[in-house]
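For reference, the structure discussed in these notes is given below.
The values are calculated or read from the model by the stated rules, or taken from the named source; none is laboratory data. Since this is a predicted model, take the numbers as computed values, not measurements. Note: ideal-geometry Cβ built from the backbone for every residue, glycine included; neighbour counts use all protein chains shown.
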Amino acid sequence: MSSFPPPEILLFDWDDTLADNWGAVTEALNAALAAFGLPLWDVSQTRASARHSLRESFPAYFGADWERARDIFYQTLERIHLETVKPKPGARALLEASRHLPRGVVSNKQGDLLRREVAHLGWAGHFGAVVGAQDAPRDKPDPAPFALALERLGARGIDPARVWYVGDTALDMEAARRAGFRAVLLGDAAHDGGIARAAPDLVFADGYALAAYLNSPP
């Protein structure tokens, strides 16, 4: 399937890659929007629009009031997010198939919330690095959080071409390319303009497909 050598390190996006918690994110976002009399979003709009970290996106949504909106968002999300987070189909199979590799998560979800969700699913032992928004000086798609993840994995000198970053959006693929990694798409990115827009190096239909590849590489 691939002319690329197998990965030596796997890094994953979180939401819509390994986990699904868009219901909680949408509810928290709507609490902030409602506080300012703005139109509410449904889950599909959140999935299609929530790409960048909050510190990058909220000033555009809320202008000078973005910090107040941020506080409302986080107050709501912290209350509900562990009640709704669940694994994506194939995520457990993918984690099992990649157990021989150093692995990490790099997400634009706020770092403390991200680590709580990883722990809540019982997955903390799978990852040597879990890096979220505001953990590094800049957020994804900047390379800074990826450099931090590799440092925490003890792999700063690795050939970046042997690192695969697995995500579900065009932003994830851009981030992988900017870091020099292989850009690996899970799914068809239909919520983000499709595969052509994402322009990945490799595409797998879901976690099961990537798990099968890792279990029997060409």
Q: Among the residues of the stretch 57-107, count how many are out of contact with any His (no Cβ under 6 Å at 6 or more places or on another chain) and assigned to a helix (DSSP H, G or I).
A: 33
Q.
If the requirement is being at pLDDT below 95, surrounded by fewer than 21 Cβ atoms within 10 Å (Cβ to Cβ) and more than 29 Å from LEU210 (Cβ to Cβ), which of these qualifies: THR76, THR84?
A. THR76
**Q.** Single match in ARG156, ARG115 (criterion: modelled with pLDDT under 95, out of contact with any Ser or Thr (no Cβ under 9 Å at 6 or more places or on another chain) and not hydrophobic (A, V, I, L, M, F, W, C))
**A.** ARG156
Q.
With among the hydrophobic types (A, V, I, L, M, F, W, C), assigned by TED's automatic domain parsing to the domain that holds PRO102 and part of a loop (DSSP other than H, G, I, E, B) as the only criterion, which of ALA209, ALA155 stands out?
A. ALA155
Q | Filtered residues of the stretch 120-134 (kept if surrounded by fewer than 24 Cβ atoms within 10 Å (Cβ to Cβ), closer than 11 Å to VAL105 by Cβ and either outside the structural domain of ALA198 (by TED's automatic domain parsing) or not hydrophobic (A, V, I, L, M, F, W, C) (or both)) | A | HIS126, GLY128
Q) Taking the condition closer than 18 Å to ALA129 by Cα, of a type in the set (A, V, I, L, M, F, W, C) and modelled with pLDDT of 90 or more, does LEU95 pass? A) yes
Q: Starting from the stretch 170-198, take each residue that is in a helix (DSSP H, G or I) and list its partners that are among the charged types (D, E, K, R), counting only C-beta distances under 6 angstrom and pairs at least six apart or across chains.
A: ALA170/ASP192; ALA170/ARG197; LEU171/ARG51; ASP172/ASP13; ALA175/LYS140; HIS191/ARG47; ILE195/ASP188
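Restricting to the stretch 14-56, count the residues that are assigned to a loop (DSSP other than H, G, I, E, B) and over 16 Å from the mean Cα position of the chain (by Cα).
7
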